[in-house]
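One structure is given here, and the rest of the page talks about it.
Read the figures in this text as sums done on the coordinates, not as results from a lab. Owing to the predicted nature of the structure, the values given are computational and were not obtained by experimental measurement. With ideal geometry, Cβ positions are generated from the backbone for all residues, glycine too; neighbour counts draw on all protein chains shown.
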Amino acid sequence: MQERLQKILASAGLASRRAAETMITEGRVTVNGKVVTELGTKADPDSDKITLDGKPVSVSKKRVYLVLNKPAGYVTTLSDPSGRPVVTELIKDIKERVFPVGRLDFNTEGLLLLTNDGEWANKLAHPSHEVEKEYLVKIRGDLSGDKIALLSEGIKLDDGMTAPAKVGIIRVLEKNVWFTIVIHEGRFRQVRRMCEALGLPLVKLKRIRYGNILLDDLKPGEYRVLAPSDAKLLAGTDNKHSATEERKPFKRQRPGSGKR
């Protein structure tokens, strides 16, 4: 059966549908030996010979959904021209070819979703879906009430105002403050840029929740397979509220107590 080429590439686990459209317009895709650059072109994955960068494209019927605890020092791309480690190196025992859903920057840790389901990834990435992402943040110095209010109301960045965020103080130490921030936008390096805009020296940034999916006790570099029912819940229900499982809160400490 004929389908749009970008949907075939997404179904093959090569990229999200949006990224697949870029691949096509860049002239990286051929159908039966001919380069295709026009979006909307259709092909039959069962009978047509489709290639990406000269390599055959095959569509796996099995859908895979993974939750990875990304360590710092990895890039969330399928390859890196600078030779830096990529996240897919951490899941080499997965036979299906998967790609990251969205990105975490090089130094950010935590929950990263990977899949070979391009339609699912595209739905999660669409701005209208407004999936909540929760981050654990550690800064040097103090976090004043005024700055909490600014984070909560929205901050003007170079690409416009951010949507209101939810901020919760977790632990106050002598030299550091730990807090959580919940956003639902998918802007590039958004939490880092929000902290930079307020002059908050960022020490650590870790994503701990994506919609109803929690990082739980995954160690850095470890992953778990997400059940299809949980994947469906993430993409098909209201994720603007608390996760399906409760996370034990960090113990709030007074300044001068505990680790620094």
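Which residues, counting only those in the range 184-234, are under 17 Å from the mean Cα position of the chain (by Cα) and of a type in the set (Val, Ile, Thr)? Result: VAL191, ILE208, ILE213, VAL225. Can you tell me which residue in the range 95-108 is surrounded by the most Cβ atoms within 10 Å (Cβ to Cβ), limited to those that are free of Cβ contacts under 8 Å to residues at least 40 places away in the same chain and in contact with a strand residue (DSSP E or B) (Cβ under 7 Å, 6 or more places away or on another chain)? Ranking the candidates gives PRO100 first. Here the range 35-55 is the region considered, the condition is being touching a helix residue (DSSP H, G or I) at 6+ places or on another chain (Cβ under 8 Å) and part of a strand (DSSP E or B), and the residue that is nearest to LEU78 (Cα to Cα) is LEU52. In the set (1) over 30 Å from LYS219 (Cβ atoms); (2) within 17 Å of the chain's Cα centre (by Cα); (3) free of Cβ contacts under 8 Å to residues at least 12 places away in the same chain, the condition left unmet by GLU119 is number (3). If only one of THR77, THR88 is β-branched (Val, Ile, Thr), part of a loop (DSSP other than H, G, I, E, B) and under 14 Å from the mean Cα position of the chain (by Cα), which one is it? Within the list THR77, THR88, the selection yields THR77. Residue check: is ILE169 of a type outside the set (Asp, Glu), in contact with a Phe, Trp or Tyr (Cβ under 7 Å, 6 or more places away or on another chain) and either surrounded by fewer than 18 Cβ atoms within 10 Å (Cβ to Cβ) or under 25 Å from ASP216 (Cβ atoms) (or both)? So ILE169 passes the test. Where strands (runs of 3 or more DSSP E) sit wholly within the range 123-226, none has at least 3 residues that are of a type outside the set (D, E, K, R) and out of contact with any strand residue (DSSP E or B) (no Cβ under 6 Å at 6 or more places or on another chain). Screening the candidates LEU143, LEU136, LEU150, LEU111 for the property of being crowded, with 22+ Cβ neighbours inside 10 Å, touching a Leu at 6+ places or on another chain (Cβ under 9 Å) and either touching a residue at least 60 places away in the same chain (Cβ under 8 Å) or over 23 Å from ASP216 (Cα atoms) (or both) yields one hit, LEU111.
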